[in-house]
Amino acid sequence: MKKRNRKRGKVDKLPCDIRETVDMMINNPSEYRYSDIVDFIRENGYEVSKSSVARYAPVSYTHLRAHET
């Protein structure tokens, strides 16, 4: 079966430092909601939707967990 490449969404295209902070926020769901993450991104001059963050979150979480082992 052919492996599907992940689409590159708006969150994937953010600068590395902002994306790293977004990853940290995603991995602390008791402290940050998607709306908090969207507000952070917008405060840094980028426009994304809550849906974009929600699509990015599972991949970010899986990626970070894979590197912990």
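Bear in mind that the values in this text are calculations on the coordinates, not laboratory data. Predicted model only: the values in this text are computed from it and were never measured. Counting neighbours? That spans all protein chains shown, and the Cβs are built from the backbone with ideal geometry, glycine included.
Please give the net charge around residue 18, taking every other residue with its beta carbon less than 12 angstrom from that of residue 18, where Lys and Arg add +1 and Asp and Glu add -1.
-1
How much net charge surrounds residue 33 when only the other residues with a Cβ under 12 Å from the Cβ of residue 33 are counted, with Lys and Arg +1 and Asp and Glu -1?
-2
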